[in-house]
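The values are calculated or read from the model by the stated rules, or taken from the named source; none is laboratory data. All values reported here derive from a predicted model rather than from experimental measurement. Cβ placement follows ideal geometry from the backbone for every residue including glycine, while neighbour counts extend to all protein chains displayed. Please note that ligands, DNA and RNA were not included when accessible areas were found on the heavy atoms of the full protein model with its side chains. Shrake-Rupley method; radii C 1.70, N 1.55, O 1.52, S 1.80 Å.
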Amino acid sequence: MIMNNKLSGKFYEKYAWVVFLIIGIMVVAGGLPHTLGFNTDPTLVQTISGITIDEIRTSNPMFFNLYNFYFRGGGLSDLGFAFFLIVISITAYRQGQKWAWYAFWFVPAYFLAWITLSSTLPSESKSSLFPPLIIIIVLCLVGLLLPFRKFFPRAHTH
């Protein structure tokens, strides 16, 4: 029984990097359509602004250009963030380098900041934003805490 727990612990320590790889892939999946100008949640825009994206486009083309610039720029930023998540997870984090463990505490903090930023939006908007953000934060914490002993082994006393 002790042997199974030890093997199980090593399995989680060995493969916890996959959690951040998955989060990186999820961020790519969300950021790529935005970078290309496809809004995957147009009701969010309508809930916040009171009008549809098409109404914004036709009623105020210059404002739509500004919206589109920031929207697509946000998608591009997501792709950059995802790139670093993926690269660090498959290299330094997988290898057990402590700096990567410390650096990855930024990830749940980042998504917690998104929850804080989103808390000022109408409640209808929160219902579409909060659940995925909370899931990602929980995944991050799992990915950070499962391999804790890999990054911080117990001191062996003789």
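With +1 assigned to the C-beta of every Lys and Arg and -1 to the C-beta of every Asp and Glu, and no other charges, what is the dipole magnitude of the chain about the Cα centre in debye, to the nearest 20?
Computed charge dipole of the chain: roughly 1000 debye.
Taking mean projected area of the Cα convex hull in nm² as the quantity of interest, determine which of (i) 9.6; (ii) 11.6; (iii) 11.0 was computed from the displayed structure.
(ii)
Which whole DSSP H helices in the chain pass both tests: a Cα extent of 30 Å or more along the axis and a mean Kyte-Doolittle value no lower than 0.0?
Correct list, ordered by number: 61-88, 123-145.
Counting only heavy atoms of the protein chains, get the accessible area per residue of segment 6-77 (1.4 Å probe) and round it to a whole Å² value.
64 Å²
Okay, which of segment 52-81 sit inside 18 Å, backbone N to the point 7 Å along the Cα-Cβ direction of T43?
52-55
So how do 56-67, 137-148 stack up, highest first, on mean other-Cβ count within 10 Å?
My ranking of the peptides, most packed first, is 137-148, 56-67.
Can you compute 3J(HN,Hα) from phi for each residue in segment 96-105, using the Karplus curve 6.51 cos²θ - 1.76 cosθ + 1.60 with θ = phi - 60°, rounded to whole Hz and x for Gly and Pro?
The phi angles translate into x, 6, 4, 4, 5, 4, 5, 4, 6, 5 Hz.
What does the highest-first list of 78-91, 41-54 look like by mean Cβ count within 10 Å?
Result, highest mean first: 78-91, 41-54.
Listed highest first by mean packing, meaning other Cβ atoms within 10 Å per residue, what order do 113-126, 21-34, 92-105 come in?
Descending mean neighbour count gives 21-34, 92-105, 113-126.
About its Cα centre, what dipole magnitude does segment 71-158 give when the only charges are +1 on Lys and Arg Cβ and -1 on Asp and Glu Cβ, stated in debye to the nearest 20? Please report the intermediate quantities before stating the final value.
Details: 7 positive and 2 negative charges, 85 e Å.
Rounded to the nearest 20 debye, it is 400 debye.
On the protein heavy atoms, probe 1.4 angstrom, tell me the percent of accessible surface of the chain carried by carbon and sulfur. List each step's numbers first, then the result.
Values: 7230 of 10220 Å².
Within the chain, the accessible surface is 71 percent carbon and sulfur.
Among L146, A103, S89, which residue has its Cα positioned farthest towards the positive end of the charge dipole of the chain, with +1 placed on the Cβ of Lys and Arg, -1 on the Cβ of Asp and Glu, and the dipole taken about the Cα centre?
In the chain, that residue is L146.
Excluding ligands, DNA and RNA, what is the solvent-accessible area per residue of segment 112-158 at a probe of 1.4 Å, expressed in Å²?
Accessible surface, normalised per residue, equals 67 Å².
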